[in-house]
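Shown next, in structure tokens, is the structure this report addresses.
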């Protein structure tokens, strides 16, 4: 069934938007409680919760489209490793931000988005099979300018989560190979 491939993505988006509603109602208190705070023991749980939390409805909405597109492409072209890649990206990218990020509360799914971008592009290079290569080329063409988001410069944007998420995606592509 086609819907089965996307179930995890639908659940993820549902959780993100459910958390966004709760966060909005509580005046974004969840960000302070569960956001990633670098080098703080109390901020370690943010490694898991950072992708689910957002700074505003606009922030969550802006992340929804690339989550749907890149997550959908991941579900279609890498369905056997999509969940494992996501876990690696969230864990490694989040740990990297916790270790090296600037002092702030880091929230948002953009680290995951950049991780999926890095994974899909690197997977085409690593696996050298037609479907991953086509996915990599498509992602690079559509989202290639996204790479500038890994550089510092925009106040209030965690470029560290972008950079470290993308790096975690590349690492995940090296470890995970789709069964042939």
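Descriptive notes on the structure:
- Packing, taken as the mean count of other beta carbons within 10 Å per residue, orders the peptides 129-139, 154-164, 114-124 from highest to lowest as 114-124, 154-164, 129-139.
- Ascending count of other beta-carbon atoms within 10 Å, so fewest first, for 170, 107, 65: 65, 170, 107
- For the range 10-32, backbone nitrogen atoms closer than 16 Å to the point 7 Å from residue 40 Cα along Cα-to-C-beta are found at 28-32.
- Rounded to the nearest 10 degrees, the inclination of helix 2-25 to the longest alpha-carbon principal axis of the chain is 10 degrees.
- By the count of other C-beta atoms within 10 Å, a proxy for reagent exposure, 80, 59, 54 are ordered fewest to most as 80, 59, 54.
- Kirkwood hydrodynamic radius over Cα pairs of the chain, then Stokes diffusion coefficient at 10 °C and 1.306 mPa s, in µm²/s: 98
- Each stretch of four or more DSSP H residues adds -39500 (n - 2.57); spread over every residue of the chain, this sum gives -22500 deg cm²/dmol at 222 nm.
- Applying 1/(1 + (r/R0)^6) with r as the Cβ-Cβ distance of residue 100 and residue 65 and R0 = 41 angstrom yields a FRET efficiency of 0.90.
- The range 112-180 and the range 1-79: distance between their alpha carbon centers, rounded to Å: 18
- Spacing of the two label points (7 Å from each Cα toward its C-beta) at residue 21 and residue 2, in nm: 2.7
Taken together, the values in this text are just the output of simple stated rules run on the coordinates, not laboratory data. Quick caveat, the model's predicted, so the values are computed rather than measured. With ideal geometry, Cβ positions are generated from the backbone for all residues, glycine too; neighbour counts draw on all protein chains shown.
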